Amino acid sequence: MSATTKTRTAPEGRTASQASAITRLLGDRRLPVLVTAALFLAMYLTGLGRYQNYGFAEPQVFLNLFIDNGYLLVAAVGATFVIMSGGIDLSVGSLIGFTTMFTAWLVERQGLPLIVVVPIALGVGAFGGFLMGYVIHNFEIQPFIVTLAGLFLFRGLCLVISKESISISDSTVSTLAQTRVPLGLGELSIGALVALAVLAAAFYVLHYTRFGRRVYAIGGNEQSALLMGLPLGGTKIAVYTVSGFCSALAGLLFMLYIQSGDPLHAVGMELDAIAAVVIGGTLLTGGSGYVIGTLFGVLVLGLIKSIIQFEGTLSSWWTKIATGVLLCAFILIQRAMTARKQT
């Protein structure tokens, strides 16, 4: 082989290897999670550099991301199960609002102790999710339509209970809301600890149990999962039941956070939960994603709010604008990944 031929083939070989490396990178299922984690780290370091003299470097500022967004993390974990299976749940925000109203009504108007109200509220939420999953599977109706009906149903039930806000003066609620658990460098609320416990449980279920593998399989290819003999109906119903349970639990944490029930609580929060899941790297088409990515998605959204607060000159609407930009960016990443897989 001549020197000229070697000179020509060397750049071609490097180009081919670079293209192969890019293909492998885009085909890595961990890429969206890594991108989200890197984004969070970059934003946090930017905040440290810009607001160092304003207390941003305090460890408690970081821990406040969990305190202020614990309820959203729980709701997003439930949404992760649904989206991972290839579905969607638009009733999350309304179910959270209903739980705050239902809990406040039982505690304040009916005089029931919180220890009795909590399992009732969780049971109602799980049952609502079960009904939606049952209708979706057995009547073969699109999840978008069924959960949209659930959105209107639970929001309407909020107004049936009361058209006005119900403040909660129960001493148990106040004690739980004000309790802080010291961690050495800072402290966490009860709600934040519950959210982290839910995250750990979801991580185990999705990655180390048969149910989790079924969720991935159904989201990846429903027909293939059916041919493999997987219980399609039971898994779908269970996924929406989990989402309903998590939404109710998020409603209880939100109630602790604001200590009241209101028919307009959590309006649009289902969109925040879905945004956190997508930014966290879970494919909207299902079958790919990690619940730890959902954590980073929630932290990114929370950090955007914190940076806007520290800036002081920006409107809170910039949170929505930044979320929209991030959503577009991560959907484009997902599109690039799915296109590489198809080729």
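The values are calculated or read from the model by the stated rules, or taken from the named source; none is laboratory data. This structure is a prediction, so every number in the text was calculated from the model and none was measured. Neighbour counts run over all protein chains shown; Cβ positions are idealised from the backbone, glycine included. Protein only, heavy atoms only, side chains kept; ligands, DNA and RNA dropped before computing areas. Shrake-Rupley method; radii C 1.70, N 1.55, O 1.52, S 1.80 Å.
Some observations on this one:
- Proximal aspartates and glutamates to residue 305, defined as alpha-carbon separation beneath 19 angstrom and excluding residues fewer than eight positions away on the same chain: 58, 68, 270, 272
- Cα pair distances exceeding 16 angstrom across the range 253-343, given as percent: 62 percent
- Burial ranking of peptide ranges 295-305, 326-336, 242-252, 142-152 (average Cβ count within 10 Å, highest at the top): 242-252, 295-305, 142-152, 326-336
- Highest-first arrangement of 307-319, 34-46, 279-291, 76-88, where packing means the average Cβ count within 10 Å: 76-88, 279-291, 34-46, 307-319
- Per residue, the range 119-158 exposes 54 Å² of accessible surface when a 1.4 Å probe is rolled over the protein heavy atoms with every protein chain present.
- Counting only Cβ charges, +1 for Lys and Arg and -1 for Asp and Glu, the dipole size of the chain around its Cα centre is about 1320 debye.
- Highest-first arrangement of 112-122, 97-107, where packing means the average Cβ count within 10 Å: 97-107, 112-122
- Percent accessible area from carbon and sulfur atoms, the range 35-81, protein chains only, probe 1.4 Å: 60 percent
- Surface share of carbon and sulfur [accessible, 1.4 angstrom probe, percent] for the range 119-168: 72 percent
- With protein chains left intact and a 1.4 Å probe, residues in the range 189-343 average 44 Å² of accessible area per residue.
- P(r), alpha carbons of the range 195-287 - 5 Å bins starting at zero, rounded %: 3, 11, 17, 24, 19, 12, 8, 5, 2, 1
- Taking every DSSP helix (H) stretch of at least 4 residues in the chain, weighting each as -39,500 (n - 2.57) and dividing the sum by the residue count yields a mean residue ellipticity at 222 nm of -25500 deg cm²/dmol.
- In the range 195-343, the portion of solvent-accessible area held by carbon and sulfur atoms comes to 66 percent [1.4 Å probe, whole percent, DNA, RNA and ligands not counted].
- Span-rule helices in the chain, defined as complete DSSP H runs reaching 20 Å or more along the axis (Cα) with Kyte mean at least 0.0: 31-50, 59-84, 114-138, 143-161, 190-208, 232-258, 291-311, 317-342
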